[in-house]
């Protein structure tokens, strides 16, 4: 006998992936977010329905009736997200485009190299003294606030140095210096990530590098997926695939070093119980407890987007729910992650919440997308790489992270890239169709 829930889940996955493919034909950044919004719910949906031991492990199993309400809400949210994309994306992103001219200043390059070298030197000198104290189960995991802050920003620095080495180094010395700094920083990053049990940043860096390398070959200057792939692109895809395999093995090694609480679970459950599994259970809990708190959500989102949540003692949106499920486990530094569509339910319940989950993420993704409206594939690839590194973290954190990352990551690091490469943006003029203005070569 055919299981109706299995059919529904299969059709749901197929519909979202088909929708994401069509979205990628218009704008790949929105499609990337759609895929990660799917990843961070579908495994939880399958596990909740067919492997309830994992949901029971988190005190987040509330029966099959709630599961079907959850499915309806998530399907409606994805539907609204795609409808909002088709209607709002052309208006929000806009048709204005820019050309990019690179006029590097040697002083800017030297200042950039010196800054990165100082960062690498300081982190390299500090890590040996901290290494023994870095621990996933520690609170905090990295005992130095300054080193922790530098580590969290290292993925952005690595992508920018890689972009410079691959496409903007103009002399042999610049190329050698960039690759040397990249090697040192990569070593510091991996040692810290593996010791602290940090899988998210390893995966984020992988996404950024993949976008940086592949985007100029698979996307046009309007971020639309191309229809034909060359032999050169297939070789690049193979290289990225091998890199991804190595990264996944690293991530798996980190996963095996994680907390002892999972040891009591069966092997199949431990395989399923990964970073993408738990966040959606906050949405299960919100629906089970009818947790609709629009004013609290607004206050928490604004405070945490502007980095003042800790100073004002305003918790993250999921903290109260996490403590209801597992009392005493959720603080500002530990506890459940927050599946992004939970925000819609907290804002307006089932009906208005689905509308919220469609409109709000599309508006905020468009804010990011507007940073890359140029006719230069190299520049757009850097913008896209900086954005892609947040696919997973936003899917498991909420919409406030769009604002925080925009203000404190995208704008500063994009400015740093423009400063070091001398990139100058100019609106497309009436002679924009002249091939000299298109700068579309990877």
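The values are calculated or read from the model by the stated rules, or taken from the named source; none is laboratory data. Remember, it's a predicted structure, so these values are computed and weren't measured experimentally. So basically every Cβ, Gly included, is an ideal-geometry build from the backbone, and we count neighbours across all protein chains shown.
Annotations for the structure displayed:
- Residue 100, sole failed condition from (1) more than 30 Å from residue 161 (Cβ to Cβ); (2) not in a helix (DSSP H, G or I): (1)
- A single entry from 221, 217 fulfils the requirement of being outside any helix (DSSP H, G or I) and either under 27 Å from residue 121 (Cβ atoms) or more than 21 Å from the chain's Cα centre (by Cα) (or both): 221.
- With respect to the conditions (1) in contact (Cβ under 8 Å) with a residue 24 or more places away in the chain; (2) out of contact with any strand residue (DSSP E or B) (no Cβ under 6 Å at 6 or more places or on another chain), residue 376 lacks only one, and its number is (2).
- Scope the range 54-76; condition modelled with pLDDT under 90, touching a helix residue (DSSP H, G or I) at 6+ places or on another chain (Cβ under 7 Å) and assigned to a helix (DSSP H, G or I); matching residues: 54, 55
- Residue 17 being out of contact with any helix residue (DSSP H, G or I) (no Cβ under 7 Å at 6 or more places or on another chain), within 24 Å of residue 399 (Cα to Cα) and without any contact (Cβ under 8 Å) to a residue 24 or more places away in the chain: yes
- Residue 381 being part of a helix (DSSP H, G or I), surrounded by 23 or more Cβ atoms within 10 Å (Cβ to Cβ), in contact (Cβ under 8 Å) with a residue 60 or more places away in the chain and touching a helix residue (DSSP H, G or I) at 6+ places or on another chain (Cβ under 7 Å): yes
- In the range 121-152, the residues that are under 24 Å from the mean Cα position of the chain (by Cα), surrounded by 13 or more Cβ atoms within 10 Å (Cβ to Cβ) and assigned to a helix (DSSP H, G or I): 147, 148, 150, 151, 152
- Search result, residues across the range 276-304 that are surrounded by 18 or more Cβ atoms within 10 Å (Cβ to Cβ) and more than 11 Å from residue 342 (Cα to Cα): 276, 277, 278, 288, 300, 301, 303, 304
- Qualifying residue in the range 28-37 (condition: at pLDDT 95 or above, in a helix (DSSP H, G or I), in contact with a helix residue (DSSP H, G or I) (Cβ under 6 Å, 6 or more places away or on another chain) and over 28 Å from residue 417 (Cβ atoms)): no
- Residue within the range 287-299 that is touching a strand residue (DSSP E or B) at 6+ places or on another chain (Cβ under 8 Å) and within 30 Å of residue 415 (Cα to Cα) present: no
- Odd one out for residue 183, checked against (1) under 30 Å from residue 132 (Cα atoms); (2) touching a helix residue (DSSP H, G or I) at 6+ places or on another chain (Cβ under 9 Å): (2)
For every residue, the table says whether it meets (1) without any contact (Cβ under 8 Å) to a residue 60 or more places away in the chain; (2) surrounded by fewer than 20 Cβ atoms within 10 Å (Cβ to Cβ); (3) not in a helix (DSSP H, G or I).
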position	(1), (2), (3)
340	no, no, yes
346	no, no, no
349	yes, yes, no
355	no, yes, no
366	no, no, no
405	yes, no, no
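- Counting only residues that are within 24 Å of the chain's Cα centre (by Cα) and at pLDDT below 95, the range 94-120 holds 1 of them.
- Odd one out for residue 434 among (1) modelled with pLDDT under 95; (2) under 16 Å from residue 103 (Cα atoms): (2)
- Residue list for the range 103-120, filter: part of a helix (DSSP H, G or I) and either surrounded by 12 or more Cβ atoms within 10 Å (Cβ to Cβ) or at positive phi (or both): 108, 109, 110, 111, 112, 113, 115, 116, 117, 119, 120
- Apart from one condition, residue 173 fits all of (1) surrounded by fewer than 15 Cβ atoms within 10 Å (Cβ to Cβ); (2) under 23 Å from the mean Cα position of the chain (by Cα); (3) in a helix (DSSP H, G or I); (4) modelled with pLDDT under 95; the exception is (2).
- Flag: residue 312 does not match the condition of being in contact (Cβ under 8 Å) with a residue 12 or more places away in the chain and either assigned to a helix (DSSP H, G or I) or surrounded by fewer than 16 Cβ atoms within 10 Å (Cβ to Cβ) (or both).
- Test result for residue 307, part of a loop (DSSP other than H, G, I, E, B), surrounded by fewer than 24 Cβ atoms within 10 Å (Cβ to Cβ) and touching a residue at least 24 places away in the same chain (Cβ under 8 Å): yes
- Within the range 77-102, considering residues that are over 30 Å from residue 347 (Cα atoms) and in contact with a helix residue (DSSP H, G or I) (Cβ under 7 Å, 6 or more places away or on another chain), the one surrounded by the fewest Cβ atoms within 10 Å (Cβ to Cβ): 102
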